[in-house]
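The values are calculated or read from the model by the stated rules, or taken from the named source; none is laboratory data. Computed from a predicted structure; not experimentally measured. Using ideal geometry, Cβ is built from the backbone for each residue, glycine included, and neighbour counts are taken over all protein chains shown. Surface areas here come from the heavy atoms of the whole protein model, side chains and all, with no ligands, DNA or RNA. Shrake-Rupley method; radii C 1.70, N 1.55, O 1.52, S 1.80 Å.
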Amino acid sequence: MWQRYLLLTAALSQQLCEQLRLILEPTQAAKLKGDYRTGKRLNMRKVIPYIASQFRKDKIWLRRTKPSKRQYQICLALDDSASMIDNHSKQLAYESLAVIGNALTLLEVGQIAVCSFGEAVQLLHPFHEQFNDQSGTRILQLCKFEQKKTKIAQFLESTTNMFAAAQQFSQNMNPETAQLLLIVSDGRGLFLEGKERVTAAVRSVQHANIFVIFVVLDNPNSKDSILDIKVPIFKGSGELPEIRSYMEEFPFPFYIILRDVNALPETLSDALRQWFELVTTSDSL
């Protein structure tokens, strides 16, 4: 099953990989370069001239100076609630998972984790393991889309702890490593735990420097688009509620609405480009 999704989305994965290559800059120095008096490894080409110069030309060492390797921590979170099937989003979710997971693997982006959420949060693939075909197959087997509720605040609190633990226990991991959470969901029923708790959980994730992109799956075959949902806003006792669009109250500031998996590389890379511009702007201040 996983191989089928990889074949279906191979071209899209390659397209997303190439776009992300331009956005996610290398952060870790992995290649040895330069001529230094001290360093990690001898430049063997410089040893003979060093001896011939009677040990005067002593810049014979190499160092890791220029970043050439990407080191990010990225978590893909899949909504495992029954509404995903009700809204015909299961197929689109699997295709999105294959595109994103394969693109990040091709790019060697760093550490990738995958989890599911609904009534409970389940870690399907940990950060410290390499994401491969066996990982994808296991994820498809474990996602049943049978959970009856979507407890998004509980999920965000759990994810924040997971990112903190992963950064603490990962060897050779820079404490300032960028962390990204990609949520794939139909986006329905997010205020089950109360609007205040959900909003507070979103702020906590932001304060932990975890960037969140919410991929809203809005299958065109579903009779009701998420853009058509209206919600009542109660202001005070005795007053009539104000009717607003659900997306006006959507708790995640960075989201994309996906109806066709073919649009995923462009829309996701645009969102990540905005994130990277924000990060580099804030770092330069």
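Here are some notes:
- Number of positions in the stretch 253-277 that are under 12 Å from Val215 (Cβ atoms) and either surrounded by fewer than 14 Cβ atoms within 10 Å (Cβ to Cβ) or in contact with a strand residue (DSSP E or B) (Cβ under 9 Å, 6 or more places away or on another chain) (or both): 12
- Of all residues in the stretch 85-114 being of a type in the set (D, E, K, R) and touching a residue at least 24 places away in the same chain (Cβ under 8 Å), the one that is most open to solvent (accessible area, probe 1.4 Å): Glu108
- Residues of the stretch 181-200 that are part of a strand (DSSP E or B) and among the β-branched types (Val, Ile, Thr): Ile183, Val184.
- A Cβ distance below 9 Å, combined with a sequence gap of six or more or placement on separate chains, defines the contacts here; from the stretch 209-228, residues that are under 12 Å from Ser89 (Cα atoms) and in contact (Cβ under 8 Å) with a residue 24 or more places away in the chain reach residues that are open to solvent by 30 Å² or more (accessible area, probe 1.4 Å) and aromatic (Phe, Trp, Tyr) in the pairs Val215/Tyr255; Val216/Tyr255.
- Each residue in the stretch 115-150 was checked for being within 23 Å of Glu193 (Cα to Cα) and either open to solvent by less than 30 Å² (accessible area, probe 1.4 Å) or within 16 Å of the chain's Cα centre (by Cα) (or both), and 8 of them qualify.
- Of all residues in the stretch 201-252 being part of a helix (DSSP H, G or I) and open to solvent by less than 50 Å² (accessible area, probe 1.4 Å), the one that is nearest to Ala166 (Cα to Cα): Val205
- For the stretch 237-285, a residue qualifies if it is among the small types (Gly, Ala, Ser) and either modelled with pLDDT of 90 or more or on the phi < 0 side of the Ramachandran plot (or both), and the qualifying residues are Ser237, Ser245, Ala263, Ser269, Ala271, Ser282, Ser284.
- Residue within the stretch 18-39 that is at pLDDT 75 or above, farther than 22 Å from Val215 by Cα, within 17 Å of the chain's Cα centre (by Cα) and assigned to a loop (DSSP other than H, G, I, E, B) present: no
- From the list Ser96, Ser81, Ser89, the lone residue that is closer than 21 Å to Val261 by Cβ and within 15 Å of the chain's Cα centre (by Cα) is Ser96.
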